[in-house]
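Working notes, beginning with the structure itself.
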Amino acid sequence: MGGIFIRLILLSALLGLLNACSMGKITVRASLPMIEGGVVAMNRETDLKLAQAAIPANLGMLEGMLVKDPENRLLHEYAAQGYYGFAYGFIEDDDRARASKLYYRGFKHGKLALAEHDLNETQLNGRLDSLQVALQQLDEDAVPALFWTASNWAKWIDMNRDSAESLVQMPKAAMLMQRVLELDETYFLSGAHIFFGVYYGSRSPMMGGDFSLSEKHFNQARSNTKNRLLLIDLLQAQYLDRQRFAQKAFHQRLQTIINAPADLYPAQGLINTIAKQKAVELLKREDEWF
């Protein structure tokens, strides 16, 4: 009789733990629409000081929610996006070392999201041909995880370009983004086209660059976003125009960004405002680069 009583107590305790775990996940998942709404609102924000102050708190909230629901793919995707946006928009121009750490945190969240699509770290670290086979098994549901993993990975590599160990990883990041291009070329403001515009435009032809292909990707991204996304012109000036030593195009493109209407693309006000700020800083270096 005593043994049955003890087993009942243990069973009750176990069920309590399971219920607590389940309730935590239920609460987190019930909050996802609010997270989605917060992302939309943040994308519209044009006050950069407000955005810079708000994003770290939002990232902390996501990390806390992942403690309760560590296998939540959507939360990992949001975290990967958040770390990328914060590092690019507010950190990398002043503190590359910190930006590197933030991009790597985003990269780790991206990998955890990909793991939910059965693309694991062993495959990411393995042979290129094996990774290519694994990528071909993924469908459109994996596009956000692929995109944010590749984006953070490439930026982390860029922050560590003096390391050969980092640079040799770039083909894998490009392979992930190529799969995004194949599955949904318009995802996140045609981000895959923008990625390859930079990828082919930031290097000389002797080092694997392809200026005509870079321009093609930038133009496709510009067409897909109806010429409303200033980031495209910013990156084309920063990478392709500089590599071509096209000073006139560089200057005109950045000046056009600065003079663009503040309400050009309200749904992406934050990105456009960041592009305006970065354009001002790039113009200050014109005489240094040309």
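The values are calculated or read from the model by the stated rules, or taken from the named source; none is laboratory data. Only a predicted model underlies this, so the values are computations on that prediction, with no experimental measurement involved. Neighbour counts run over all protein chains shown; Cβ positions are idealised from the backbone, glycine included.
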Say whether the condition of being under 16 Å from Ile35 (Cβ atoms) and in a helix (DSSP H, G or I) is met by at least one residue in the range 85-96.
-> yes
Which condition breaks for Leu32 when tested against (1) aliphatic (A, V, I, L, M); (2) modelled with pLDDT under 95; (3) more than 21 Å from Leu114 (Cβ to Cβ)?
-> (3)
Can you pull out the residues in the range 124-144 that are outside any helix (DSSP H, G or I) and surrounded by fewer than 13 Cβ atoms within 10 Å (Cβ to Cβ)?
-> Asn125, Arg127, Gln136, Gln137, Asp139
Please verify whether the range 84-96 includes one or more residues that are within 17 Å of the chain's Cα centre (by Cα), without any contact (Cβ under 8 Å) to a residue 12 or more places away in the chain and within 22 Å of Ile157 (Cβ to Cβ).
-> yes
Just to be sure, is Leu119 surrounded by 20 or more Cβ atoms within 10 Å (Cβ to Cβ) and either charged (D, E, K, R) or not in a helix (DSSP H, G or I) (or both)?
-> yes
For residues that are of a type outside the set (A, V, I, L, M, F, W, C), in contact with a Leu (Cβ under 9 Å, 6 or more places away or on another chain) and over 21 Å from Val67 (Cα atoms), tally how many sit in the range 89-117.
-> 2
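Mind listing whichever residues of the range 246-273 are loosely packed, with under 13 Cβ neighbours inside 10 Å and in contact (Cβ under 8 Å) with a residue 12 or more places away in the chain? Before the answer, list the steps.
First, the residues of the range 246-273 that are loosely packed, with under 13 Cβ neighbours inside 10 Å: 248, 259, 261-263, 266-267.
Ala262, Pro266, Ala267, listed by residue number.
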Within the range 189-235, residues touching a residue at least 12 places away in the same chain (Cβ under 8 Å) and among the polar types (S, T, N, Q) come out as Ser190, Ser202, Ser204, Ser214, Gln220, Asn224, Thr225
Pick from Leu75, Leu59, Leu11, Leu66: which is surrounded by 10 or more Cβ atoms within 10 Å (Cβ to Cβ), in a helix (DSSP H, G or I) and modelled with pLDDT under 70?
-> Leu11
